[in-house]
Amino acid sequence: MASAASPQFLRGVPASPGISMGRVFLLDSEEITITRRHIAPEQIPQEIARFEEALIQTRQEILDIQRRIGQELGGEHAEIFNAHLLVLEDRALIEEVIARLKSDQLAVECIFFDVLKRYVRAFSRVEDEYLRERTSDIEDVGKRILRHLLGQRRPSLAELSEPVIIVAYDLSPSDTATMHRRHVIGFVTDIGGRTSHTAIMAKSLEIPAVVGLEDVTQRIASDDFLIVDGTTGVVVVNPDEATRQSYEALRARLEAIGQALLQLKDLPAQTKDGRRVHLAANIELPEEVPAILAHGAEGIGLYRTEFFYLNRSDLPTEDEQFEAYRRVVQEMAPYPVIIRTLDLGGDKFASTLKTPREMNPFLGWRAIRFCLARPDVFKVQLRAILRASTFGTTKLMYPLISSVDEVRQANQLLEEAKEELRTHGVPYDPEMEVGAMIEVPSAALTCDIIAQEVRFFSIGTNDLIQYALAVDRVNEKIAYLYEPAHPAVLRLVKAIVEAGHAARIWVGMCGEMAGEPALALLLLGLELDEFSTSPVNVPRIKQVIRAVTMEQARRVAARALTLKTSKEVEDFATAQLRELLGGLAS
Ligand code: PEP
Ligand code: MG
């Protein structure tokens, strides 16, 4: 644990840019210690009453959180807590505690702690994925009950009343849902890489974050003060006055730059010699549309729809999805919105879909593979997207394509969905463009074939890098090997753009690489047509595009392709960008 006198500098993976400073809120890392305490037989009724009271208080606590989240974020986010409420009604668990109180004559928290441990162990071993996923619900509720029994109360993320920096092992989708619009000014986690879903969520919420710090939850205490530098990946624990002031100055500078960049908001993403590039942004939730427009993006290049399926106990209906897509499409009109079909699996799972546990989920039953196997689920989404397509410019793209067969099969299901709508007289845009994400090396190498079946490509570098370099995108231990500027990645991107253009289709990129200024310069030189990135990155990328000519960008790309290592490419592109931006560089 750090003391105020000794600032510590920790280095992790930069996940979401910006600097924030504040007190720590340690999430779920404090261990609950139970002291073994015997009771006399006449105390048993009193212990049972204490247990019942703790159950009532826990129920009330969960209902309060559920109500608050429901009001702020909508019903679907609050539904996850239904599973927690069900745990409280588990008669077998309650009866076992009462029976053991009588037989063991120990304080109720000791008994409950034991029973809980046994339950958690049993649930974590069952075959059924759905039941196994209930383990975390049981643990979560169990901890709440224990805290009530011990008279300890800890505010939850939903109850925060002052700005804090969350320190956690990882953040679950329910954590991130509760965090939204709360007093969370930063977060740091033990695990994760820069394209893990936690990192992507932090970026879309515009919260500075550093992930993959390995043991940060062990090194930081609840009353510590932190500086989180999400731009460089540094976390300072209990900074001294001089460090604090220098970060204050840096923050003020970054904010001034951010404000200055926003002046570009209404200017076109156009090179000095007039080449117009399409600059769009990525979103996870419909509520993010205003941020997209505020940052001057001209469309949505990736609408990740899987968040719809998370944090809930049922599947989203066609109408519900249609309403969300319609809203986004309408609010963005006349700009285009590319809706990506469901990409579950990898590091995002929906408990309702009962997918099996896999050894290698990123190589497993994920995205389009899952959708083609479950046309019942897929077609609901396809119809919803088609219905939304008449409200603005809608495009659709398939994730994780690894061969042309998958595109053909998906297109076949899309045709069936259209037919179903036609039968019921429901309108859709017959001209809606359909594209493929190119994020698997086999697709990258057969782009010329795939291009025959689609109207555009969007390069998903978050996955393309992990598959091409064999580096798990969420594993902090090998984060240093996750290199967007690796010569293999550059060659793949070049090949994809060229194959797309040869087939006369446009090629964009919606992976995080498109949001890195020095690499964006290089991508521009590779003739990429569209850049889609987190809204916060949009002004910076626009600045790069507007500062150069195509000739300059092409020269940078050509030279970068001759370099041998990722470091050489990065250093070269960064130096070139600095030179080209001149006085505009930060
Ligand atoms: C990608 O893989 O680059 C991408 C944009 O998709 P996701 O991060 O959702 O996998
Ligand atoms: Mg992907």
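Values in this text are rule-based calculations from the coordinates and carry no lab data. From a predicted model like this one, the values you see are computed outputs, not experimental measurements. Note that each Cβ is placed from the backbone with ideal geometry, even for glycine, and that neighbours are counted across all protein chains shown.
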* So which of 203/265; 203/418; 265/348 end up more than 28 Å apart by C-alpha? -> 203/418; 265/348
* **Listed peptides 403-411, 202-210 by packing density, highest first (mean Cβ within 10 Å)** => 202-210, 403-411
* To do: Give the long-range amide H neighbours of residue 39: residues separated by 5 or more places, or on another chain, with amide H under 5 Å away, using H modelled in the peptide plane at 1.01 Å from N.
  => 106, 107
* Name the residues whose placed amide hydrogens come within less than 5 Å of the amide hydrogen of residue 397, ignoring near sequence neighbours (fewer than 5 apart) on the same chain. => 339, 340, 341, 435
* Cut-off 12 Å between beta-carbons: net charge of the residues surrounding residue 51, Lys and Arg +1, Asp and Glu -1 -> -4
* Separation between Cα centres of the stretch 246-323 and the stretch 516-586, rounded to whole Å -> 20 Å
* To do: Quickly rank 288-295, 96-103 as a protection proxy: mean count of other C-beta atoms within 10 Å, highest first.
  => 288-295, 96-103
* Under 23 Å from the Cα of residue 494 - lysines, other chains or at least 8 residues apart -> 272, 542, 564, 567
* **Dimensionless Rg over Rh [the chain; C-alpha; Kirkwood]** => 1.00
* Quick one: which residues, 5 or more positions from residue 429 or on another chain, have an amide H under 5 Å from its amide H? H modelled 1.01 Å from N in the peptide plane, none for Pro or chain starts. => 389, 390
* To do: With θ set to phi - 60°, apply the Karplus curve 6.51 cos²θ - 1.76 cosθ + 1.60 along the stretch 271-278 and write out the HN-Hα couplings as whole Hz, x wherever there is a Gly or Pro.
  => 6, 4, 9, x, 7, 8, 10, 8
* Asked: What length, rounded to one decimal in nm, is gained on full extension from residue 270 through to residue 105, with 0.36 nm per residue of separation minus their alpha-carbon distance?
  -> 51.8 nm
* To do: Apply the Karplus parameterisation 6.51 cos²θ - 1.76 cosθ + 1.60, with θ equal to phi minus 60°, to every residue of the stretch 453-469 and state each ³J(HN,Hα) to the nearest whole Hz, in sequence, with x for glycine and proline.
  => 9, 10, 9, 7, 10, 10, 7, x, 5, 4, 8, 4, 5, 5, 7, 6, 9
* Asked: Rounded if a/c is under 1.5, else prolate if a/b is larger than b/c, else oblate: which is the stretch 476-586, with a ≥ b ≥ c the root eigenvalues of its Cα gyration tensor?
  -> rounded
* To do: Could you run the Karplus curve 6.51 cos²θ - 1.76 cosθ + 1.60 with θ = phi - 60° over the stretch 105-110 and give me ³J(HN,Hα) per residue in whole Hz, x for Gly and Pro?
  => 6, 10, 4, 4, 5, 5
* Report the net charge of residues surrounding residue 300, where surrounding means a beta-carbon distance below 14 angstrom and charges are Lys +1, Arg +1, Asp -1, Glu -1. => -2
* Expressed as cubic angstrom per residue, what is the convex hull volume of the alpha carbon set of the stretch 311-428? -> 109 Å³
* Just from its helices, what would the mean residue ellipticity at 222 nm be for the chain, if runs of 4 or more DSSP H residues each count -39500 (n - 2.57) and the sum is divided by every residue, rounded to the nearest 500 deg cm²/dmol? -> -15000 deg cm²/dmol
* Structure fact -> Sorting 329, 295, 309 by the position of each Cα along the dipole of the stretch 292-338 (Lys, Arg +1; Asp, Glu -1; all at Cβ), the one nearest the positive end of that ordering is 295
* Structure fact -> Subtracting the Cα-Cα distance of residue 478 and residue 215 from 0.36 nm times their residue separation yields 93.1 nm
* Asked: Taking K and R as +1 and D and E as -1, what net charge do the other residues with C-beta under 14 Å from the C-beta of residue 431 add up to?
  -> +1
